[in-house]
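Derivation of every value follows stated rules applied to the coordinates shown; laboratory data play no part. Predicted model only: the values in this text are computed from it and were never measured. All Cβ positions, even for glycine, are placed from backbone atoms using ideal geometry, and neighbour counts span all protein chains on display.
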Amino acid sequence: MKKESQTLSGESSTAPEKVPARQDDPILAVFLDRLELKLAEINMTKSRLAGRVGISRNTMSQFFLRERRPSTEILMRIANELSVSIDYLVGRTDDTEITSLLQQERIAELVGRFADLTPAEQESVMNYIIALRQARQAGQAKN
């Protein structure tokens with residue numbers, strides 16, 4: 001089944017995983033460099049990452065051979081698995097953001113407690129956070 005997805009460079013594609021790559025694609029080059037650095041940092045193989053994000057080893061190899069680019073969905077899975085932002089992976093920032101946030105004690109505690117909740121409880125927490133933000137914004141608008 002084909003669906004429209006967005007590639008690293010923001011182009012639309014009708015194939016969610018088979019996104020052709022150009023050999024001179026600078027965004028892909030940064031992505032691959034940062035991916036290799038992060039994998040070395042956490043001592044994870046490309047093969048293991050492929051399995052954890054739900055793609056074949058062959059697909060991962062095609063990324064590194066510059067035969068294909070990851071779809072946005074795959075890019076999100078990789079970023080989540082490596083605890084970095086997509087912006088970091090594609091070179092839009094040098095800050096890994098997620099890692100920086102998790103180094104803050106209160107945020108790390110919040111993430112740990114949130115992970116222990118059921119999906120329904122997590123949804124309730126998210127709704128509460130949204131309601132808090134909306135109330136704060138409404139209060140700021142009055143001032």
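Go through 127-134, 79-86, 33-40 and give me the packing order, highest mean Cβ count within 10 Å leading.
79-86, 33-40, 127-134
Within region 51-80, which residues have the backbone N less than 11 Å from the label spot 7 Å out from Glu36 along Cα→beta-carbon, could you tell me?
64-65
To the nearest 0.05, what FRET efficiency results for Arg136 and Glu67 with a Förster distance of 35 Å applied to their C-beta separation?
E between Arg136 and Glu67, to the nearest 0.05, is 0.15.
If Lys and Arg each add +1 and Asp and Glu each add -1, what is the summed charge of the other residues whose beta carbon sits under 15 Å from the beta carbon of Leu39?
Spelling it out: positives minus negatives among the neighbours equals +3.
Give me the net charge of Arg57's neighbourhood, meaning all other residues with Cβ under 11 Å from the Cβ of Arg57; Lys, Arg count +1, Asp, Glu -1.
Residues near Arg57 contribute +2 overall.
Under the rule of at least 5 residues apart or a separate chain, name every residue whose amide H is placed under 5 Å from the amide H of Thr93.
Close amide H contacts, sequence-distant or interchain: Tyr88.
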